[in-house]
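**Q** Can you read through this structure? Questions will come right after.
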Amino acid sequence: MSTGGGVIRSRVVGCGAYLPERVMTNAELADLVNTDDAWITARTGIRQRHIAAEGECTSDLATAAAKNALAAAGLEAGDIDLIVLATATPDFTFPATATMVQANLGIRRGAAFDIQAVCSGFIYAIATADNFLKAGQHKRALVIGAETFSRILDWEDRTTCVLFGDGAGAVVLEAGEGTGGNGDRGILTSHLHADGRYRDLLYVDGGPSRTKTVGHLRMTGREVFRHAVVNLAEAVNEALAATGLAPTDLDWIVPHQANLRIIEGTAKKLGVDPARVVVTVDHHGNTSAASVPLALAEAMADGRIQPGHLVLLEAMGGGFTWGSCLVRI
Ligand code: UT7
């Protein structure tokens, strides 16, 4: 990975976000279930989350984020020839939400498909798009993470309904020439993992084939927490080992936003300065596949993440699935 020679690199040329207008505070949740702001803040770091309006669907959130990413890139929808959309809350069982976004944007060419890796979905999606671009099969990809988890929550279960929110984030990836070295702009390395033995710790208890229903999210939070810190630190170290870089070389970590304690625990395990970790969980909650691109979009828009910065994306979710992606912006 650090030897010379022309290679194709997938460059992040634009990033965008969309959050539904409605904000739900911890105090509002305390009116629904037996919880309080003090518990939610202390145990998760979450203070508020956005909730999609009636009739506002994952494809709507995804389309808005995609438009913002295209605007940031200075590109037209017609420049895109691949859409990879990560979601666990699609509009319909089929067709893929990605094809609905494609139609909304007026794109008539290329491929569009969904990826299902729950909270790791965006890492899976960006790694997939990167491989299509590196193979020369497509030139410009929209990679989107979009969710309406509010639709699959059991609003009577205080152990889960306080954790999640709705939203969407998107990046535009463009194939460009690189040297193959770590100084290249674009995705330098990505690493994906799954271990299906842990399905029962985080799952939805419905689906077309098993129950013919949509179902609700179920989670054994404490166990997921334990695995998350270990798996995420391993995925980050894997990306660093593959490139011969050290934690101190990273300008930013953009982690999956599930719980502030997981984010801080992972940073500590890695020996990374918490000031270099992007945190949005306090105002977004856990938006599953949308959380990493939402955090990336926020830190790029406010100027924290600058062109040339080395940024590590990481996430872990149901399955279990987890992974990391190292990108020079
Ligand atoms: O995005 C995919 C990956 N997901 C995650 O990474 C989530 C990982 N897990 C977590 O973030 C944490 O485990 C939670 C935030 C879900 C829970 O925090 P915890 O510190 O692990 O709490 P706990 O589950 O051990 O529960 C502690 C206590 C329990 O009461 P008892 O049994 O000690 O009497 C719960 O019933 O807190 C109680 N509790 C609550 N109390 C007030 C659980 N939920 C609530 C609540 N409000 N909303």
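**Q** Run down the lysines and flag those whose C-alpha is under 28 Å from the C-alpha of LYS67, throwing out any fewer than 8 positions away in its chain.
**A** Those lysines meeting the cut-off are LYS134, LYS139.
**Q** Can you give the Kirkwood hydrodynamic radius for segment 169-314, in Å, rounded to one decimal and based on Cα pairs?
**A** 16.9
**Q** For segment 77-148, calculate the relative contact order in percent as a whole number, restricting contacts to Cα pairs under 8 Å that are 6 or more residues apart.
**A** Values: 126 pairs, mean separation 34.5, N = 72.
It rounds to 48 percent for segment 77-148.
**Q** Under 16 Å from a point 7 Å along the Cα-to-Cβ line of THR220: which residues of segment 287-329 have their amide N that close?
**A** 318-321
**Q** Give the value in nm², to one decimal: projected area of the alpha carbon convex hull of segment 86-215, averaged over all directions. Please report the intermediate quantities before stating the final value.
**A** On the way: hull surface 40.3 nm².
Reported value for the Cα convex hull: 10.1 nm².
**Q** Ok, one more. Explain nothing, just the number: relative contact order of segment 139-243, from Cα pairs under 8 Å at least 6 residues apart, as a whole percent.
**A** Numbers: 103 pairs, mean separation 26.7, N = 105.
Relative contact order comes out at 25 percent.
**Q** Also, quick follow-up: Which FRET efficiency value, to the nearest 0.05, is calculated for VAL33 and ARG210 with the Förster distance at 30 angstrom and r the Cβ-Cβ distance? List each step's numbers first, then the result.
**A** Working: r = 27 Å, r/R0 = 0.89.
The computed FRET efficiency comes out at 0.65.
**Q** Let me see the pair-distance distribution of segment 230-329: every alpha carbon pair, 5 Å bin width, integer percents in order.
**A** 2, 14, 27, 28, 20, 8, 1
**Q** Now, a different point. Describe numerically, in nm with one decimal, the distance between label points set 7 Å from Cα along Cα→Cβ at LEU192 and at THR159.
**A** So the label points at LEU192 and THR159 sit 3.1 nm apart.
**Q** Where the centre of each part is set by its Cα atoms, how far does segment 302-319 sit from segment 267-286, in angstrom?
**A** Segment 302-319 and segment 267-286 have Cα centres separated by 10 Å.
**Q** Tell me the net charge near SER59. Cut-off is 11 Å between Cβ atoms, SER59 excluded, with +1 for each Lys or Arg and -1 for each Asp or Glu.
**A** Working: positive: none; negative: GLU56, ASP60, ASP91, ASP114.
Neighbour charge sum, excluding SER59 itself: -4.
**Q** According to a simple spin-label model (label point 7 Å from Cα along Cα-to-Cβ), what is the distance in nm between HIS309 and GLU76?
**A** About 3.2 nm, to one decimal.
**Q** Dividing the Cα radius of gyration by the Kirkwood radius, what Rg/Rh value follows for the chain?
**A** Taking Rh as the inverse mean 1/r over Cα pairs, Rg/Rh reads 0.95.
**Q** Still on this structure: Segment 178-251: D in µm²/s via Stokes-Einstein (Kirkwood Rh, Cα pairs, 20 °C, 1.002 mPa s)? Walk me through the intermediate numbers first.
**A** Working: Rh = 15.5 Å.
Approximately 138 µm²/s, per Stokes-Einstein.
**Q** Further, regarding this structure: With the radius of gyration and the Kirkwood radius both derived from the Cα set of segment 7-178, what is their ratio Rg to Rh?
**A** The Rg/Rh ratio comes out at 1.04.
**Q** Pulled fully out, how much extra length does the chain show between GLU21 and ALA103, if you take 0.36 nm times their separation in residues and subtract their Cα-Cα distance? Mind showing how you got there, number by number?
**A** Details: separation 82, 0.36 × 82 = 29.52 nm, distance 2.36 nm.
Roughly 27.2 nm would be gained on extension.
**Q** May I pose another question? Contact order normalised by length for the chain, with contacts defined as Cα pairs under 8 Å and 6 or more residues apart; what percent is it?
**A** On the way: 846 pairs, mean separation 85.7, N = 329.
Relative contact order, the chain: 26 percent.
Coordinate-derived values only; no laboratory data. Please read all numbers here as calculations on a predicted model, not as lab measurements. For neighbour counting, all protein chains shown are included, and Cβ atoms are generated from backbone atoms with ideal geometry for every residue, glycine included.
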